[in-house]
Amino acid sequence: MLSEKTKQWIDERTGYKNFFHAIFLLNFPTKRRSRWQNIWGGALVLLMLLEIVTGTLLMTVYSPSEAAAWGSVHYIETQVDLGWFVRGLHHYVAHMMIVAVIIHIFLVIISAGYRKPKEFIYWTSLLIGGVIVGLTITGNPLPWDQKGYWSYQIETGIAGTMPVIGSSLRSIIVGGSEFGNLTLTRLYTIHVIVLPVLAILLFTIHMALVRRDRLRTMKIKEAADDPEIDFELDDDDPVKDEITQPYWPYQTTRTLVLTLILIGIVILQMVVYPTLKNQHVAPELAEWEMDMPLSEIKLEAPAVSDSSIPFIARPEWFVRFLFELRHMVPKELEVLVTAVLPGVLLAILIMVPFYEKFFGEKWGQRLAIAVYVGGLVIISGISWYSVKTERSAPDYALKRSQEIAYAARASWLAKENGVPPEGPASLLRNDPKSMGPLIFARHCGVCHTWNGHDGTGLNIMEMKDGKKVKATPRASDLAGFASKEWIAEFLTDPTAPKFFGHLGSSKGGDAILHGDMSDWADSYVGPEGVLSKEDIEAVSALIAREAKHRNAEPLSEAVMKRGVSVFSGIDFKDKSGKVVDFDGYCAQCHAMKAGDPEEEGGGAAPDLNGYGSDKWLSDFIRNPGAEHFYSDKNIMPAFEESKLSQHDLNLLVNWMRGEWRRPEEEK
Amino acid sequence: MRRRKFLKYCTGVLGAVYATVLAVPGLGFLLSTLKRGQLKEQKYQLAKLDDLEPGVPQRFSIIDQRVDAWTKYPSGPIGSVWLTKAQDGTITAFSSTCPHLGCVIDYVPGDEEFFCPCHAATFQPDGGTVSGPQLRGMDELKTSLKKVRGEQWVEVEYQKFEPGIAEKKALG
Ligand code: FES
């Protein structure tokens, strides 16, 4: 480093030594009693510094706009070297700082750090705490993922309920009434400029005040120790206990030890958290194959503003109690809870220095401690209760699994395709795997089921005798529709509950339930019937071929021949292998070129050409009552363009057919 | 006084740990974003051989998808190339990016010269320098012919080069 002489030379011209002494408190006298207590403030400064450095790094990549925010954060997490570490540090250290502020204020109260003449020191530290909370609230939605987006909706909603200024405040923060690009640019401005500058200002004032107080104590002690000055301290004067030990290096070491411990906890948290975060997740509930392992999911799904992709909004943990209280009180009192209560809590804290005026020093401090600790216990209790009730709700695991599954899907699609210019939400909006179940649940789930549920894994419920019970489906279960197995099962027993079983309850359904297809099964299938199991399987395989499913195996010659003989009745052999006349052949009612070489049949029942294919399904859903489908026997509503857009119809059909991009195809 | 020394030492060590926790990821973070935008050379079929008029340079756009950090754009122009077929049928291709500072080089039919409007660089039809501030001639690209459905197509390996220097060095 520099030689003593050079240092001297510079110092004479700049006075830098004094400057550093002033800034870094090198000669800053500290208390003896509370050496380990006073380090929380210092640790907060070092953590803040860390936030500034990591924040600046993130700013070099992050892009605050609806179309780019999620993509840029995903890029940081997956492409930038150590990006996950920098972002994780920035995120979790912020939360750690809130914890540190809570502890710091507690230590200030038990060491009576708010007592005359230190009131302003105490108040500035409260304000700094407030700014830190503000930084966390504004930082969290920046990735514009589902979690940040919806929790910010709640938080700005809470701000909006404030009396008088609420709604204007909300629109200033949000940039209008709707969330969008302006919300993000404002959020970003508040997060990277407004609040940090405020924090630095407050911190400067705070330190100036602390310094003034320490120097004053030092002077008093010096005077008391100096025999030439006629000044004695009272025996119980707290100044007696103080020693004038410089801050550096005595306190700095402790401060650094604490800071590193806190950072260590944060790093541990970062490494362990992915598994913690996903511990309630059971993707098998939604019959969803995760596109990537849980541990690789770095980010929640991108925000989908029209809420077509479900997400349960949860506020940040430190405002959770407000959110919960809102549900606990009657509607008219909501404003009290969301807007007035935080103000009251703040006032209680601000008033602490005055407690002693009324109750005396001893009892005033006890009251302050009781209020602070009591408040924390109540708030934590409410938050804990809130989390617990949410987690024990019957569908919590399923819903959270879905959210994680969407996160995995979006991350995988972004990794494979990149984020399209119109934004990351379109990754999910144009994806059959993501949208199919939701469209099915909304449009088809009223009557049909999918493996017994509504496509998303939820059960379809209905009210019966004032109780919510699992609804009886009114139409067939469509999981595996038009596959070989599904058709074979259907042919064996069309009136099973899985197929036409419940149709009787609907208007016109009786005709189908006791119609030609069930009569056919009664007469030809089963031990008595002329059709063997192989016959059914062969004809099912033949029909299933029409759907051109993605991993359908080619049919063997023999199966094909047998299928055609059942379908067309030509060359039909009975169970003993004898060629017999078979009058239950399919082509009597159904048309299908592949099964009926003479193409003579069809007309009376749905056309099976292309059965289960894109086109067949789309046409059918658009108009199931068409001549070549159910005709006048149809009881299914038609889904015209006005009810189901072409875009959604394509997604639905592709999803039903299992047509979407999968990770294993890449290999 | 010994205690004071020891504590100073401790502060130094702990401070160094703190700084490392910040500096290492910080450097990794910053340096890795510098890798962005490296273009791999790729072949593009630009024109049918028979469609090219002998002796007249023609400009063709390179159409491809462009990935910018996290955003993937649909196909669009990412650059362009001047193609010339000599009288004897041999093909030469030049990147239309000016080797001076990267403007787009133009060609006015009849002038027999390539011309860059930014700082008035001119080039011969074979890419050599005529006049101007540029330190090297136009950047030639590798070409080949490929038969597609019975027709000869001109293929070009498109690449970008560092502007402003005498040496022809691929970007990245
Ligand atoms: S860029 Fe072409 S002459 Fe300068």
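Couple of notes before you dig in:
- B:Gly15 vs. criteria within 14 Å of another protein chain (Cβ to nearest Cβ) and more than 17 Å from B:Met138 (Cα to Cα): yes
- Elements of the type helices (runs of 4 or more DSSP H) sitting completely within the range A:29-138 and holding at least 3 residues that are in the same structural domain as A:Glu222 (by the TED database), basic (Lys, Arg) and out of contact with any Lys or Arg (no Cβ under 8 Å at 6 or more places or on another chain): there are none.
- Of the listed requirements (1) out of contact with any Pro (no Cβ under 6 Å at 6 or more places or on another chain); (2) touching a residue at least 60 places away in the same chain (Cβ under 8 Å); (3) within 16 Å of the ligand (Cβ to nearest atom); (4) under 30 Å from A:Val61 (Cβ atoms), B:Ala170 misses just one: (3).
- In a residue-by-residue description of the range A:589-607, the property of being aliphatic (A, V, I, L, M), within 19 Å of A:Ala488 (Cα to Cα) and touching a helix residue (DSSP H, G or I) at 6+ places or on another chain (Cβ under 6 Å) applies to no position.
- Qualifying residue in the range B:130-141 (condition: closer than 22 Å to B:Ser61 by Cα, more than 16 Å from the ligand (Cβ to nearest atom) and either under 20 Å from the mean Cα position of the chain (by Cα) or not assigned by the TED database to the domain that holds B:Ala47 (or both)): yes
- Test: residue in the range A:412-426 that is more than 17 Å from the chain's Cα centre (by Cα), closer than 26 Å to A:Met162 by Cβ and surrounded by fewer than 19 Cβ atoms within 10 Å (Cβ to Cβ): no
- Only one of A:Ala604, A:Ala591 that is among the hydrophobic types (A, V, I, L, M, F, W, C) and surrounded by fewer than 20 Cβ atoms within 10 Å (Cβ to Cβ): A:Ala604
- Hits in the range A:346-368 (condition: surrounded by 15 or more Cβ atoms within 10 Å (Cβ to Cβ) and within 37 Å of the chain's Cα centre (by Cα)): A:Leu349, A:Ile350
- When A:Arg400 is tested against the conditions (1) surrounded by 15 or more Cβ atoms within 10 Å (Cβ to Cβ); (2) in contact with an Asp or Glu (Cβ under 7 Å, 6 or more places away or on another chain), the lone failure is (2).
- Residues that are away from chain A (no Cβ under 14 Å) and away from the ligand (no atom under 16 Å from the Cβ) within the range B:54-80 comprise B:Pro54, B:Gly55, B:Val56, B:Pro57, B:Gln58, B:Phe60, B:Ser61, B:Ile62, B:Ile63, B:Pro77, B:Ile78, listed in sequence order.
- Residue match in the range A:552-572 (condition: part of a loop (DSSP other than H, G, I, E, B) and within 20 Å of A:Asp522 (Cβ to Cβ)): yes
- Note on the range A:419-447: residues that are within 14 Å of another protein chain (Cβ to nearest Cβ) and free of Cβ contacts under 8 Å to residues at least 60 places away in the same chain amount to 2.
- Of all residues in the range A:402-418, those satisfying the criterion of being in a helix (DSSP H, G or I), farther than 17 Å from A:Ser305 by Cα and within 14 Å of chain B (Cβ to nearest Cβ) are A:Ser411, A:Leu413, A:Ala414, A:Lys415, A:Glu416, A:Asn417.
- Of all residues in the range B:142-162, exactly one satisfies the criterion of being assigned to a loop (DSSP other than H, G, I, E, B) and either under 16 Å from B:Thr90 (Cβ atoms) or within 11 Å of the ligand (Cβ to nearest atom) (or both), namely B:Lys142.
- For the range B:115-138, a tally of residues being within 24 Å of B:Trp153 (Cα to Cα) and of a type outside the set (Gly, Ala, Ser) returns 3.
- Subset of the range A:422-448 (residues that are touching a Pro at 6+ places or on another chain (Cβ under 6 Å) and part of a helix (DSSP H, G or I)): A:Ala425, A:Ser426
- The criterion of being surrounded by 14 or more Cβ atoms within 10 Å (Cβ to Cβ), of a type in the set (Ser, Thr, Tyr) and more than 16 Å from the ligand (Cβ to nearest atom) holds for B:Thr92.
- Flag for B:Val108 being among the aliphatic types (A, V, I, L, M), within 10 Å of chain A (Cβ to nearest Cβ) and free of Cβ contacts under 8 Å to residues at least 12 places away in the same chain: no
- Scan the range B:115-143 for residues that are at positive phi and free of Cβ contacts under 8 Å to residues at least 24 places away in the same chain and the total you get is 1.
- Complete set of residues in the range A:606-626 that are hydrophobic (A, V, I, L, M, F, W, C) and within 19 Å of A:Ser565 (Cα to Cα): A:Leu608
- Among the residues of the range B:96-129, those identified as within 12 Å of the ligand (Cβ to nearest atom) and not in a loop (DSSP other than H, G, I, E, B) are B:Thr97, B:Val104, B:Asp106, B:Phe114, B:Phe115, B:Cys116, B:Ala121, B:Thr122, B:Phe123, B:Thr129.
- Filter pass, A:Ile543 being under 45 Å from the mean Cα position of the chain (by Cα) and at pLDDT 80 or above: yes
- Yes/no for B:Gln42 being within 11 Å of chain A (Cβ to nearest Cβ), within 16 Å of the chain's Cα centre (by Cα) and loosely packed, with under 14 Cβ neighbours inside 10 Å: no
- Looking across the range A:55-75, the residues that are touching a helix residue (DSSP H, G or I) at 6+ places or on another chain (Cβ under 8 Å) and at the interface with chain B (Cβ under 8 Å from one of its Cβ atoms) come down to A:Leu57, A:Thr60, A:Val61, A:Gly71, A:His74, A:Tyr75.
The values are calculated or read from the model by the stated rules, or taken from the named source; none is laboratory data. Bear in mind that the values here come from a model prediction, so they are computed numbers and not experimental data. Reconstructed Cβ throughout: ideal geometry from the backbone, glycine too, with neighbour counts over all protein chains shown.
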